[in-house]
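J.: This is the structure, below, for whatever I ask next.
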Amino acid sequence: MQSSRRAAIQSVLGLAGTGLLLPLSSYAEAPAPTSAKFGEVRITRLETFLVKPRWIFLKIHTDAGVVGLGEPLLEGRALTIQTAIQEIEPYLIGKDPRQVVHHWQAIYRHAFYRGGPILTSALSGIDQALWDIKGKLLGVPVYELFGGPTRDRVRIYGRASNAEDMKKRKAEGYTVIKTGVAKRQPAGIVENPAFIRYAVDNFASLREAGGPEMDIGIDFHGAISPQTAKLLIRELEPYQPMFIEEPCQAQNVDVMVDIARGTHLPIATGERIFTKWGFREILEKGAASILQPDICHAGGLTECRLIAGMAEAYYAAIAPHNPMGPISLACGLHLAASIPNFLVQEQVSLGDGYLKSPFKLQSDGSVLIPRGPGLGVELDEDALQDKIGHDWKNPETYHPFDGSVVDW
């Protein structure tokens, strides 16, 4: 009886034979008629290639002809990540790609030395590609597999370092901007009033150019000493930044707690934190109310959804870190569309010159969530030809006074 009722409903919805029952309110496209033909599916090979300006794209191939896309990047360590992918590949060959969480656990836990930026970045890109494959095989967007959508559009932010930049971003349609701490030279352990005034005056000019309705986050990048950070935050408070990002090194959790307790401004951190275990202390101690996991570093979509759930329990928001490519952005959009506590998405590329259908900035400062199966993006192989290969290196920064090494 129940089976026949389900068959009748599926027949009305045009889903008979797919094994899928989509809600009438779904943003997903109807599953392709061929989605039922996939019985056994096996991974056949993993392919990585470097893409300008500093990215790595991953393709996971299957014997069903379905290819999953991921972005297993660690900036400045591209060749290291490629090697890590090659070391993981023998485990995946011949496996069913649809067992995403099982593979995540195996890749992570079968390494005696777990975690860290190299291994979790490689795992992150693989995880993204496996979800892409699973969504394509089922004919639905990844966020549908996560119980979404929770929203139909995602607010994104641009960048501005001065008032002129702010005016341009505002004209383009952005309603959120992120900037850095303006400075003439790298910050010292102890700074003088001139350093503070220069940074604050620059932020004040951004606020004036953007107006009271523009949200402006400021990134300290972990390169400001805690004592200077406290001075800066106090002087910035009248201009109401949206958040203060990495006011100290992210691993210095107790100091971040102290900073957070000394201001009413939200503290954000997370781009250099990996897996749910890395975020646990930050949440438990109240070091930040905005978490910024990087879907290419922290463990992929599988792990970032768990991190978002942990954050929700502590009334914290998620603003994914993403100075990477359009595959990473697509993953961020799917995460945003599957969680309730999303705040804003970072991006540097909407996919022009990389995707067949780039994302588009809407007049309200958002991009619409993808509606195609899987991650909903397709690489423009022709446009990519002149972007293959790079030798991007992390900046080597030294203090101009004495040549000592400084953070960048």
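The values are calculated or read from the model by the stated rules, or taken from the named source; none is laboratory data. Quantities reported herein were computed from a predicted structural model and do not represent experimental measurements. All Cβ positions, even for glycine, are placed from backbone atoms using ideal geometry, and neighbour counts span all protein chains on display. SASA here: full protein model, heavy atoms, side chains in, ligands and nucleic acids out. Shrake-Rupley method; radii C 1.70, N 1.55, O 1.52, S 1.80 Å.
J.: Anything over 27 Å Cα to Cα? Flag those among Lys52/Lys178; Lys95/Lys393; Lys360/Lys393; Lys59/Lys393; Lys276/Lys356; Lys95/Lys387, in the order listed.
T.: Numbers: Lys52/Lys178 23 Å; Lys95/Lys393 35 Å; Lys360/Lys393 30 Å; Lys59/Lys393 23 Å; Lys276/Lys356 34 Å; Lys95/Lys387 31 Å.
The pairs that break the limit, which is 27 Å between Cα atoms, are Lys95/Lys393; Lys360/Lys393; Lys276/Lys356; Lys95/Lys387.
J.: Run lengths n ≥ 4 of DSSP H only: what is the helix-derived mean residue ellipticity at 222 nm for the chain, with -39500 (n - 2.57) per run over all residues, to the nearest 500?
T.: That comes out to -11500 deg cm²/dmol.
J.: Which is farthest toward the positive dipole end of the chain among Ile126, Val255, Leu206, measuring Cα position about the Cα centre, with Cβ charges +1 (Lys, Arg) and -1 (Asp, Glu)?
T.: Ile126
J.: Extending each Cα 7 Å along its Cβ direction at Val190 and Trp277, get the distance between those two points in nm, one decimal.
T.: 4.0 nm
J.: Stretched out fully, how many nm does the piece from Leu384 to Glu396 gain, at 0.36 nm a residue minus the Cα gap?
T.: Values: separation 12, 0.36 × 12 = 4.32 nm, distance 2.86 nm.
Gain on extension, Leu384 to Glu396, equals 1.5 nm.
J.: Leaving out ligands, DNA and RNA, what percent of the accessible area of the range 181-337 is carbon and sulfur, probe 1.4 Å?
T.: 51 percent
J.: On full extension of the chain, what length is gained from Gln227 through Gln251, given 0.36 nm per residue of separation minus the C-alpha to C-alpha distance?
T.: Numbers: separation 24, 0.36 × 24 = 8.64 nm, distance 1.65 nm.
Length gained, Gln227 through Gln251: 7.0 nm.
J.: For the chain, what is the charge dipole size about the Cα centre, in debye to the nearest 20, if Lys and Arg each add +1 at the Cβ and Asp and Glu each add -1 at the Cβ?
T.: Using only the charged Cβ atoms, the result is roughly 820 debye.
J.: Counting only Cα atoms, I'd like the Rg/Rh figure for the range 270-353, Kirkwood definition for Rh. Before the final figure, lay out the partial values.
T.: Numbers: Rg = 12.0 Å, Rh = 12.5 Å.
In the range 270-353, Rg relative to Rh is 0.96.
J.: Rounding to the nearest 20 debye, state how big the charge dipole of the range 122-207 is about its Cα centre with +1 on each Lys and Arg Cβ and -1 on each Asp and Glu Cβ.
T.: Working: 15 positive and 9 negative charges, 66 e Å.
Once rounded to the nearest 20, the dipole reads 320 debye.
J.: Pull up the DSSP beta bridges for the chain and report the antiparallel fraction as a percent, rounded to 5. It would help to have the intermediate numbers written out before the result.
T.: Numbers: 18 of 38 bridges.
So the antiparallel bridges in the chain amount to around 45 percent.
J.: If the convex hull of the alpha-carbon atoms of the range 57-120 is projected onto planes in all directions, what is the mean projected area in square nanometres? Intermediate values should be presented prior to the final figure.
T.: On the way: hull surface 18.1 nm².
Value for the range 57-120: 4.5 nm².
J.: Continuing with this model, one more query. Could you work out which residue, out of Trp392, Trp104, Trp55, moves most in a Gaussian network model of the chain, that is, has the largest mean-square fluctuation with Cα springs under 10 Å?
T.: Trp392
J.: Let me ask something else. For the range 266-344, calculate the relative contact order in percent as a whole number, restricting contacts to Cα pairs under 8 Å that are 6 or more residues apart. Intermediate results must be reported in sequence, preceding the final value.
T.: Details: 125 pairs, mean separation 23.8, N = 79.
Across the range 266-344, relative contact order equals 30 percent.
J.: To continue, here is another question. Output the peptides 286-299, 110-123, 86-99 sorted from most to least packed, where packing is the average of other Cβ atoms within 10 Å over each peptide's residues. Mind dumping the intermediate values first?
T.: Numbers: 286-299: 27.1, 110-123: 17.5, 86-99: 15.1.
Ranked by mean Cβ neighbours within 10 Å, highest first: 286-299, 110-123, 86-99.
J.: Here is a follow-up. Quote the FRET efficiency, to the nearest 0.05, computed for Asp201 versus Lys95 with a Förster distance R0 of 51 Å and r equal to the Cβ-Cβ distance.
T.: Working: r = 57 Å, r/R0 = 1.12.
Calculated transfer efficiency: 0.35.
J.: So what is the relative contact order for the chain, in percent, with contacts set as C-alpha pairs under 8 Å and at least six apart? Walk me through the numbers before you get to the answer.
T.: On the way: 831 pairs, mean separation 76.9, N = 408.
It comes to 19 percent, rounded to a whole number.
J.: A follow-up question, please. How much of the accessible area of the range 54-173, in percent, comes from carbon and sulfur atoms when a 1.4 Å probe is used? Walk me through the intermediate numbers first.
T.: Values: 2500 of 4830 Å².
Here carbon and sulfur together make up 52 percent of the probe-accessible area.
J.: Also, quick follow-up: Express in Å², to the nearest 10, the accessible area of Thr175 obtained by rolling a 1.4 Å probe over the protein heavy atoms while all chains stay in place.
T.: Result for Thr175: roughly 40 Å² accessible.
J.: Mind checking which of Ala171, Ala317, Ala330 has the largest fluctuation in a GNM of the chain, springs on alpha carbons under 10 Å?
T.: Per the Cα network of the chain with a 10 Å cutoff, Ala171 tops the list.
J.: Would you mind working out the magnitude of the charge dipole of the range 42-149 relative to its Cα centre, with +1 at each Lys and Arg C-beta and -1 at each Asp and Glu C-beta, to the nearest 20 Debye?
T.: 80 debye
J.: Just the accessible area per residue of the chain, please: how many Å² with a 1.4 Å probe?
T.: Computed with neighbouring chains in place, this is 45 Å² per residue.
J.: Once you've got the GNM for the chain with C-alpha springs shorter than 10 Å, pick whichever of Gly211, Gly325, Gly353 has the biggest mean-square fluctuation.
T.: It is Gly211.
J.: Roughly how far apart, in whole Å, are the Cα centres of the range 327-349 and the range 181-208?
T.: For the range 327-349 versus the range 181-208, the Cα centre distance is 31 Å.
J.: Evaluate E = 1/(1 + (r/R0)^6) for Asp152 and Glu284, where r is the Cβ-Cβ distance and R0 equals 35 Å; express this FRET efficiency to the nearest 0.05.
T.: Numbers: r = 34 Å, r/R0 = 0.96.
Once rounded, the FRET efficiency stands at 0.55.
J.: Still on this structure, I have one more. Quick one: length gained pulling Glu47 to Gln105 fully straight, 0.36 nm per residue minus the C-alpha distance?
T.: Once the chain is fully extended between Glu47 and Gln105, it gains 18.7 nm.
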